[in-house]
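First comes the structure, then the notes that go with it.
The values are calculated or read from the model by the stated rules, or taken from the named source; none is laboratory data. Just so we're clear, the structure is a prediction, and the values are computed from it rather than from any experiment. Backbone-built Cβ (ideal geometry, glycine too); neighbour counts: all protein chains shown.
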Amino acid sequence: MPTSDTLEKEYQLLSLIEQQPQLTQRQLASELGVSLGKTHYVLTALIERGLVKSGNFARSANKSGYAYVLTPKGIKEKVVITRAFLQRKMAEYDRITADIARLHQELGE
């Protein structure tokens with residue numbers, strides 16, 4: 001099972017690829033706010049799991065340009081990852097809301 005950080009990066013990367021398949025790894029890294037190495041690591045794992053495929057732009061002047069696209073399996077897995085990510089964020093929200101209420105009580109508000 002991936003760590004929560006990896007799950008979040010997978011979710012973010014799958015979302016970015018779905019929206020902007022033409023982004024380079026360097027651009028993806030910048031959008032994610034992580035290193036190029038980490039982006040490459042997560043992207044490679046997604047490709048190996050069959051969730052993403054890469055290919056050259058057929059008509060690109062820059063023949064080294066790649067497009068990353070979600071596979072049908074990747075689209076299904078994105079739904080699963082999105083659901084897990086949402087559940088984790090909702091639990092985090094509930095904990096933060098309880099902490100805020102407790103702090104208000106401590107301050108007598």
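Can you confirm whether residue 36 is modelled with pLDDT of 90 or more, surrounded by fewer than 17 Cβ atoms within 10 Å (Cβ to Cβ) and of a type outside the set (D, E, K, R)?
When the stated conditions are applied, residue 36 passes them.
Picking from 58, 98, 67, which residue would you name as being out of contact with any Phe, Trp or Tyr (no Cβ under 9 Å at 6 or more places or on another chain), over 16 Å from residue 7 (Cα atoms) and at pLDDT below 90?
After ruling out the rest, the residue left standing is 58.
Kindly list, by first and then second residue, each pair from a residue in segment 77-93 that is farther than 13 Å from residue 10 by Cα and touching a residue at least 12 places away in the same chain (Cβ under 8 Å) to a residue that is of a type in the set (Asp, Glu) and part of a helix (DSSP H, G or I), limited to pairs with Cβ atoms under 9 Å and residues at least 6 apart or on different chains.
Hits for this filter: 88/8.
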